[in-house]
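Visitor: Got a structure here, written out as structure tokens. Questions coming.
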Amino acid sequence: MSSFKKDKKEEEDGSCLFTGIEKTTVLQECRTFNETPVNPKKCIRIMTSILYLLNQGEQLSSTEATEAFFAMTKLFQSQDVILRRMVYLGIKELSGVADDVIIVTSSLTKDMTGKEDLYRAAAIRALCSITDATMLQAIERYMKQAIVDRNSAVSSAALVSSLHMTKMANDVVKRYVNEAQEAINSDNIMVQYHALGVLYHIRKTDKLAVNKLVAKLTKSSLRSPYAACMLIRMAAKLLEEEENGSDLPFFDFIESCLRHKSEVVIYEAAHAIVNLKCTTNSELAHAISCLQSFCNSPKATLRFAAVRTLNQVAISHLAAVKLCNMDLENLITDSNRSIATLAITTLLKTGSESSVDRLMKQIATFVSEISDEFKVVVVQAIRALSLKFPRKHSVLMTFLSMMLRDEGGLEYKASIADTIITIIEDNPDAKEIGLAHLCEFIEDCEHTSLAVRILHLLGKEGPRTKQPSKYIRFIYNRVILENPTVRAAAISAMAQFGATCPDLLENILVLLARCQMDSDDEVRDRATYYSNILSYLDPSLYNSYIIESPQVSIPSLERSLKEYCDGCTDEPFDLKSVPIAVVPTNEEVTRAQQKSEGMIMSTGPTKKVKVSREENYAQKLTLIPGIAQAGSLFRSSEVVELTESETEYVVRCIKHTFSRCIVLQFDCLNTLSDQLLENVRVQLEPSEGYKILKEIPCEKLPYNETGTTYIVLQYPENFFASVATFGAVLKFIVKDCDPDTGLPDTDEGYDDEYILEDLEINLGDQIQRVSKVNWQASWEELSENCVEMEETYSLASMSTLEEAVKNIIQFLGLQPAERSDKIPEGKTTHTLLLAGIFRGGADILVRAKLALADGVTMQLTVRSTHPDVAELVTASVG
Amino acid sequence: MGLFQKLALFLGIRKKEVNVLVIGLNNSGKSTVINHFKNDEDKASDIVPTVGFSIERFQNQNLAFTAFDMSGHGKYRDLWEHYYKDCHGIIFVVDSSDRLRLVVVKDELDILLQHPDVCNRKIPVLFFANKMDCKDALSSVKIAAGLGMDKIMDKPWHISASNALTGEGLNEGVEWLTQQIREYIVNNKF
């Protein structure tokens, strides 16, 4: 009676039977399993507690798990059906942690081939979880039998288990292909689906086989809607890979699925069609109308799926999605918040400027009720909107700052901050308001990483606003209130103000002096460093040590420092020996952005520290004898094709520039199956001044393999001779060989050669791009001790400023600064600011004033620390 | 435990359940021995090497046996000890035609007898000198001598020559085991 009361009380507490159980007690209780005869009721309760604990995330040590596992094996003597099934679950849970789990193999094989149907499917799943690649062959026979078993549960279990096992033993599972083929004809919808999954998995590396499989199955109609969905995905993937337009039979199949009787299949087909790259409008219309009708479905799932898909493709298929606007309007007031959010954000993407205000108001009513994930969707829509309608920035900005003040996770906050930053960068009018919002935000920001980012931005943008002094208060507040990381960032930001605004310098010095008493080492160090530099009152010092960040690539710096520390020399470390960081090109940045915007659910920030291409090549090049003395790699060029793509031999060249020499890396591919090439090398006809230091041939080049041969050239002393064009010939010894074995027929080959396209070494190869934050300051600094060259050109072949800018950047290989590569619309004149470093370390700054009139006229001003370099730049243009 | 079961136990109608452990080197015929005792409808037609262990049941003279048929493969032998603790008898199967590995058998036997879960208990050990039909099979006496069984003082043991394929000698051995386990149970008030 008392226990009954207790139970009731527990129920009222809302706690479940298992709250408060402890790992140690449960593991103690496992001893009950050893009793004979087995008490099923008691054992089931204990098994349930173990499973509960494991699923609550409790970790068992290997010995604990092994002990529990072996106690569990004794339960096989009981014939109790429920207990046995609990044991299977236990085995699956513990199989990863416990040792010697293999011991239950025989017991499980007995159960899976036995008469009791209730055991069989579960036994198969448990068996596959304990089996490793070596043991798999022992149970192969049983698995094959189980796949074609009449019992659908058994068959499904075997198929799904095989699918899981492909991860560790792909080869063994491949042998199940006949059985899976048989299972695909099953009447059971699940078996058919799983069989298709296994078949696809077995063949997925072989495109032709997949093609055949899909072609065969599209003709016979599959009963299972899930299998049909999978088939649609496979067909869509094939269409996607088949780049030259739509492959008709597969597309027809997908389109025919739009008339399927199952809604899942219809949705899948519509989803596939709208996501295909090249679809015509008429093809699209049918799919969109299906989604449109789903928007009015009484089922929330269908509405959600439809509107989510429309949201995803709103940008790419703007016109088609616009047709659904009426239906989407209805969904704004949907009781399901997720649907409403997606509907509104879709409308924001497709809508016109006039509807923005109304929609924003609508979102504001429920934004606090939706989950973070969807808030991120809203933020992304706003970002797209602000880029589309710059004039609406004040509405959007107010809205964003409101969202910023709400509760939310890091990812959500970061996406808002990102959006505000994007707006600031894109739209000068919005800068002051945006900075003000961000200042307010960091007053109460619990995410250190975000605060640091915003402080950095304030340091960069703040000094150039009309009234820089008002930001100082916000930044200094951080120094007083925050953790060391944020304090250090705040100090760096303040130093930027001190360096850029002379009238604030005095105050900043006072503040920095105070910070030198900080309790944290890093904060103190920074404060001392900056106040020292600022006290020199020398703008050129400011420029190189405060405003511009060091231009070296961090991974290389780390490597060089490590090497320096390992070798014991008395020489000071030379920062110039570290390769310069590569500024990501615009395309890379936009590609990364598109990737994140295209996805509706952002999948967590998994950014790796990217090792630059130079870094990669540098490591490879050090392996080649003789190149090590050349110093550190300065720049690697893009890949240049020296042959047509569909020829007998494909040769690509990469130019690696060092300070005094250039290494040409030729990647050669042999596409003739009946030839073995030996001693493959490239013969160059170097122009005057160039000297070939070394040639490293590729010894052997079998069919379909890429081999590499190198040539090391010394740059001419005279810079002007360094821009040159060489004739190139590929030379090699051919040995005819058997196409099947690849072994040569005879030992003797004959010499042959193959003419390559001319190889150019141009200015861009010798220049590394450098990103300057404050280009103007660097420009003025260089005016004193350098050479300036000025020249005027007329670029007749260019018809727009954009085209000219793009070509100039590409030709000179310099990095545009201060976003001068973006041209405001409707302008006929533009100034392009560029920066870079010539091999050997001479700085180059270029200002190109462009004017559009009947072609483009350009006035090019070059400043460089080396006179010849400046002249070379001006001479090579034109 | 239900009232009926208690009553049944009291009256001695209910069968006693005992656990026996079946061990021995691989290919000595453990699974085949157990297969012989099973009911006709449960018998397996072909015996494959056991991986890990399998649990089988059979009856003899009102005693219900649960046999833990362990794998004898080299890498699984160290798993036997997990099951020593709660067994009431041990059946040790020896391939009497495999002279070469008799030393391995002796090793394994010594390890078994010295194990803390076994050495202090008076559990009966039944040896089957299996494959007696083979031409070069050793006699049970020779095996007993070869394994040094005369030194086993603290446990009742018995060796019987057997042929698991025909069943010869098996029943005799198990009857001895049944008898011993009964005594063991009475002495330990199980």
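Results for (1) of a type in the set (D, E, K, R); (2) open to solvent by 40 Å² or more (accessible area, probe 1.4 Å); (3) over 17 Å from B:Lys30 (Cα atoms), shown as yes or no for each residue.
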site: B:Ile123; (1), (2), (3): no, no, yes
site: B:Phe127; (1), (2), (3): no, no, no
site: B:Asp136; (1), (2), (3): yes, yes, yes
site: B:Ala145; (1), (2), (3): no, yes, yes
site: B:Asp154; (1), (2), (3): yes, yes, yes
site: B:Ala164; (1), (2), (3): no, no, no
site: B:Glu172; (1), (2), (3): yes, yes, no
site: B:Ile181; (1), (2), (3): no, no, yes
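Visitor: Additional query: Please determine whether any residue of the stretch A:277-291 is of a type outside the set (A, V, I, L, M, F, W, C) and more than 25 Å from A:Phe250 (Cβ to Cβ). Don't jump to the end; show me each part of the working.
Guide: Step one: list which residues in the stretch A:277-291 are of a type outside the set (A, V, I, L, M, F, W, C), which gives A:277, A:279-283, A:286, A:289.
Restricting the remaining residues to those that are more than 25 Å from A:Phe250 (Cβ to Cβ) gives none.
For the stretch A:277-291, residues of a type outside the set (A, V, I, L, M, F, W, C) and more than 25 Å from A:Phe250 (Cβ to Cβ): absent.
Visitor: Related question: Mind listing just one residue for me: the one in the stretch A:429-452 that is touching a residue at least 40 places away in the same chain (Cβ under 8 Å) and open to solvent by 10 Å² or more (accessible area, probe 1.4 Å) and, of those, nearest to A:Val486 (Cα to Cα)?
Guide: Here the residue is A:Phe441.
Visitor: Sticking with this one: Please determine, by comparing only the residues of the stretch B:83-107 that are within 14 Å of chain A (Cβ to nearest Cβ) and part of a loop (DSSP other than H, G, I, E, B), which one is most open to solvent (accessible area, probe 1.4 Å).
Guide: Pass one, the stretch B:83-107, residues within 14 Å of chain A (Cβ to nearest Cβ): B:83-89.
Cutting the leftovers down to part of a loop (DSSP other than H, G, I, E, B) gives us B:84-88.
Details: B:Tyr84: 11, B:Lys85: 135, B:Asp86: 26, B:Cys87: 5, B:His88: 18 Å².
The extreme case among them is B:Lys85.
Visitor: Select from the stretch A:136-145 the residues that are out of contact with any Asp or Glu (no Cβ under 9 Å at 6 or more places or on another chain) and open to solvent by less than 10 Å² (accessible area, probe 1.4 Å) and list them in ascending order. Lay out the reasoning, then the answer.
Guide: Pass one, the stretch A:136-145, residues out of contact with any Asp or Glu (no Cβ under 9 Å at 6 or more places or on another chain): A:136-142.
Passing the criteria: A:Leu136, A:Ile139.
Visitor: Still on this structure: Among the numbered criteria (1) open to solvent by 10 Å² or more (accessible area, probe 1.4 Å); (2) touching a Cys at 6+ places or on another chain (Cβ under 9 Å); (3) within 11 Å of chain B (Cβ to nearest Cβ), which single criterion is violated by A:Met86?
Guide: The failed condition is (3).
Visitor: Any residue in the stretch A:678-692 that is modelled with pLDDT of 80 or more, in contact with a strand residue (DSSP E or B) (Cβ under 8 Å, 6 or more places away or on another chain), of a type in the set (A, V, I, L, M) and open to solvent by 50 Å² or more (accessible area, probe 1.4 Å)?
Guide: Among the residues of the stretch A:678-692, at least one is modelled with pLDDT of 80 or more, in contact with a strand residue (DSSP E or B) (Cβ under 8 Å, 6 or more places away or on another chain), of a type in the set (A, V, I, L, M) and open to solvent by 50 Å² or more (accessible area, probe 1.4 Å), which makes the answer yes.
Visitor: Let me ask another. Could you check how many residues of the stretch B:132-189 are in a loop (DSSP other than H, G, I, E, B) and in contact with a His (Cβ under 8 Å, 6 or more places away or on another chain)?
Guide: The number of residues fulfilling the criteria is 2.
Visitor: Shifting gears a bit: Does B:Ser140 satisfy being under 18 Å from the mean Cα position of the chain (by Cα), open to solvent by less than 10 Å² (accessible area, probe 1.4 Å) and either of a type in the set (Gly, Ala, Ser) or at pLDDT 90 or above (or both)?
Guide: Values: under 18 Å from the mean Cα position of the chain (by Cα): yes; open to solvent by less than 10 Å² (accessible area, probe 1.4 Å): no; either of a type in the set (Gly, Ala, Ser) or at pLDDT 90 or above (or both): yes.
For B:Ser140, the condition - under 18 Å from the mean Cα position of the chain (by Cα), open to solvent by less than 10 Å² (accessible area, probe 1.4 Å) and either of a type in the set (Gly, Ala, Ser) or at pLDDT 90 or above (or both) - is not met.
Visitor: Also, I was wondering about something else. Somewhere in the stretch A:717-724, is a residue touching a Cys at 6+ places or on another chain (Cβ under 8 Å) and more than 17 Å from A:Cys653 (Cα to Cα)?
Guide: Among the residues of the stretch A:717-724, not one is touching a Cys at 6+ places or on another chain (Cβ under 8 Å) and more than 17 Å from A:Cys653 (Cα to Cα), which makes the answer no.
Visitor: Follow-up. Considering only residues that are more than 14 Å from chain B (Cβ to nearest Cβ), in a loop (DSSP other than H, G, I, E, B) and not charged (D, E, K, R), which ones fall in the stretch A:29-69?
Guide: A:Gln56, A:Gly57, A:Gln59, A:Leu60, A:Ser61
Visitor: Assuming A:Ala728 fulfils every condition listed in (1) over 26 Å from A:Glu646 (Cα atoms); (2) open to solvent by less than 30 Å² (accessible area, probe 1.4 Å) apart from one, which condition is it?
Guide: Of everything listed in (1) over 26 Å from A:Glu646 (Cα atoms); (2) open to solvent by less than 30 Å² (accessible area, probe 1.4 Å), A:Ala728 misses just condition (1).
Visitor: Working only within the stretch A:822-851, note down all residues that are surrounded by fewer than 22 Cβ atoms within 10 Å (Cβ to Cβ), more than 14 Å from A:Asn807 (Cβ to Cβ) and of a type outside the set (Lys, Arg).
Guide: Residues satisfying the conditions are A:Pro824, A:Glu825, A:Gly826, A:Thr828, A:Thr829, A:Thr831, A:Leu833, A:Gly840, A:Gly841, A:Ala842, A:Asp843, A:Ala851.
Visitor: Anything in the stretch A:247-284 that is assigned to a helix (DSSP H, G or I), among the aliphatic types (A, V, I, L, M) and surrounded by 14 or more Cβ atoms within 10 Å (Cβ to Cβ)? List them, or say none. Before the answer, list the steps.
Guide: So the first thing to find is which residues in the stretch A:247-284 are assigned to a helix (DSSP H, G or I), and the list is A:248-257, A:263-275, A:281-284.
Then drop every residue that is not among the aliphatic types (A, V, I, L, M), which leaves A:248, A:254, A:264-266, A:269-270, A:272-274, A:284.
Passing the criteria: A:Ile254, A:Val264, A:Val265, A:Ile266, A:Ala269, A:Ala270, A:Ala272, A:Ile273, A:Val274, A:Leu284.
Visitor: Show the residue pairs that are 6+ apart or on different chains and have beta-carbon atoms under 8 Å apart, the first residue being within the stretch A:786-814 and over 18 Å from A:Leu872 (Cβ atoms), the second being open to solvent by 90 Å² or more (accessible area, probe 1.4 Å) and outside any helix (DSSP H, G or I).
Guide: Here the result reads A:Leu801/A:Lys827, each pair linking the stretch A:786-814 to a residue that is open to solvent by 90 Å² or more (accessible area, probe 1.4 Å) and outside any helix (DSSP H, G or I).
Visitor: Filter the stretch B:33-73 down to the residues that are aliphatic (A, V, I, L, M), open to solvent by less than 20 Å² (accessible area, probe 1.4 Å) and within 20 Å of B:Glu168 (Cβ to Cβ), then identify the one that is farthest from the other protein chains (Cβ to nearest Cβ).
Guide: Across the stretch B:33-73, the extreme among qualifying residues is B:Val33.
Visitor: Inside the stretch A:114-135, can you point out the residues that are buried (at least 18 other Cβ atoms within 10 Å of the Cβ) and either within 12 Å of chain B (Cβ to nearest Cβ) or aromatic (Phe, Trp, Tyr) (or both)? If you could, list the steps in order and put the result at the bottom.
Guide: First, pick out the residues of the stretch A:114-135 that are buried (at least 18 other Cβ atoms within 10 Å of the Cβ): A:119-131.
Listed by number, the residues that qualify are A:Tyr119, A:Leu127, A:Ile130, A:Thr131.
Visitor: So which residues in the stretch A:665-677 are open to solvent by less than 40 Å² (accessible area, probe 1.4 Å) and among the polar types (S, T, N, Q)?
Guide: Result: A:Gln665, A:Asn670, A:Gln675.
Visitor: Which fully enclosed helices (runs of 4 or more DSSP H) of the stretch A:157-223 have 3 or more residues being within 16 Å of A:Ala146 (Cβ to Cβ), touching a residue at least 24 places away in the same chain (Cβ under 8 Å) and open to solvent by less than 50 Å² (accessible area, probe 1.4 Å)? First the steps, then the outcome.
Guide: Working: elements: A:170-174, A:177-183, A:189-203, A:207-219.
In the stretch A:157-223, A:177-183, A:189-203 are the helices (runs of 4 or more DSSP H) which contain 3 or more residues that are within 16 Å of A:Ala146 (Cβ to Cβ), touching a residue at least 24 places away in the same chain (Cβ under 8 Å) and open to solvent by less than 50 Å² (accessible area, probe 1.4 Å).
Visitor: Return yes or no: is B:Leu79 surrounded by fewer than 20 Cβ atoms within 10 Å (Cβ to Cβ) and facing chain A (nearest Cβ under 9 Å)?
Guide: Working: surrounded by fewer than 20 Cβ atoms within 10 Å (Cβ to Cβ): yes; facing chain A (nearest Cβ under 9 Å): yes.
Yes.
The values are calculated or read from the model by the stated rules, or taken from the named source; none is laboratory data. Quick caveat: nothing in here was measured; it's all calculated off a predicted structure. Every residue, glycine as well, gets a Cβ built from its backbone with ideal geometry; the counts of neighbours run over all protein chains shown. Calculation scope for accessible area: heavy atoms of the full protein, side chains included, ligands and nucleic acids excluded. Shrake-Rupley method; radii C 1.70, N 1.55, O 1.52, S 1.80 Å.
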